[in-house]
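Presented below is the structure to which this report refers.
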Amino acid sequence: MDTNVTTDDDVKAIKKLGEEFFAGVNAEDLDRRMATMHPDIVIMPPGRPSIVGKEEIRRLSHDYAETYKEKCSLVYDEVEAAGRWGFARATVSATRTSKSGGGVEKMSLKNLWIVKRQADGEWKFWRIMFNSTISPQTS
């Protein structure tokens, strides 16, 4: 196992990965979001089965984006890396607005991301787990 210590460059690159993902969410740019993910990505949402692979995530994300518009902001709580593996713990504050004229939900999500360094040195999301810090509220 590679036990290299976390470098400032690793932390910056992993933070940039999350920032790029949420920039894609805010811009409603699915391709931009998908570019942050490893082909073998697994997302483990609360109360639902795991979503396995980029194609399934793309399909479900497209369907979700047809129904909701989200605006998100990201705060990192912790970022570490060793060799080709890293993780980030972050909090995301978001609003989710129904495109069919429904209300606006405020959300706060705790995230745990496992990231994997690619052969070219770029980091990609490999596993994503999240849950809510508050009950959804409609305003």
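Provide the per residue accessible area, probe 1.4 Å, for the chain, rounded to a whole number of square angstrom. Provide the component values of the computation, followed by the final result.
Numbers: 8070 Å² over 139 residues.
The answer is 58 Å² per residue.
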Checklist entry - Angle, helix 54-67 long axis vs. longest principal axis of the chain, Cα atoms, 0 to 90°, nearest 10? => result 30
Next on the checklist: Can you compute log10 of I(q)/I(0) for the range 63-135 with the Debye formula, treating each Cα as one identical point scatterer, at q = 0.27 Å⁻¹?
Outcome noted: -1.15
Item to check | the chain, accessible surface, carbon-and-sulfur percent (1.4 angstrom probe) | outcome: 53
Checklist entry - In what sequence, largest accessible area first, do 34, 107, 44, 129 appear using a 1.4 Å probe? => result 129, 44, 107, 34
Checklist outcome for this item: Taking alpha-carbon centroids only, the range 64-139 lies from the range 1-44 a number of Å equal to 10
Next on the checklist: For a quick check of your reading of the filter: which chymotrypsin sites (Phe, Trp or Tyr not before Pro) in the range 1-109 sit in a DSSP loop and have no more than 13 other Cβ atoms within 10 Å?
Outcome noted: none
Checklist outcome for this item: With R₀ set to 25 angstrom, the calculated FRET efficiency between the beta-carbons of residue 8 and residue 73, to the nearest 0.05, is 0.60
Checklist entry - What base-10 log of the normalised intensity I(q)/I(0) is obtained for the chain from the Debye formula, alpha carbons as equal point scatterers, at q = 0.09, 0.13, 0.14 Å⁻¹? => result -0.27, -0.57, -0.65
Checklist entry - Among 114, 44, 95, whose Cα lies farthest out toward the positive end of the dipole of the chain, if unit charges sit on the beta carbon of Lys, Arg (+1) and Asp, Glu (-1)? => result 95
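Using only the Cα atoms of the range 10-85, construct the convex hull and provide its projected area averaged over every direction, in square nanometres to one decimal. Can you show the working numbers first?
Working: hull surface 23.1 nm².
Average of the hull's projected areas for the range 10-85 equals 5.8 nm².
The values are calculated or read from the model by the stated rules, or taken from the named source; none is laboratory data. Keep in mind it's a predicted model, so treat the numbers as computed, not measured. As a convention, Cβ positions derive from the backbone with ideal geometry for all residues, glycine included, and neighbour counts pool all protein chains shown. The area values use the complete protein model at the heavy-atom level, side chains included, leaving out ligands, DNA and RNA. Shrake-Rupley method; radii C 1.70, N 1.55, O 1.52, S 1.80 Å.
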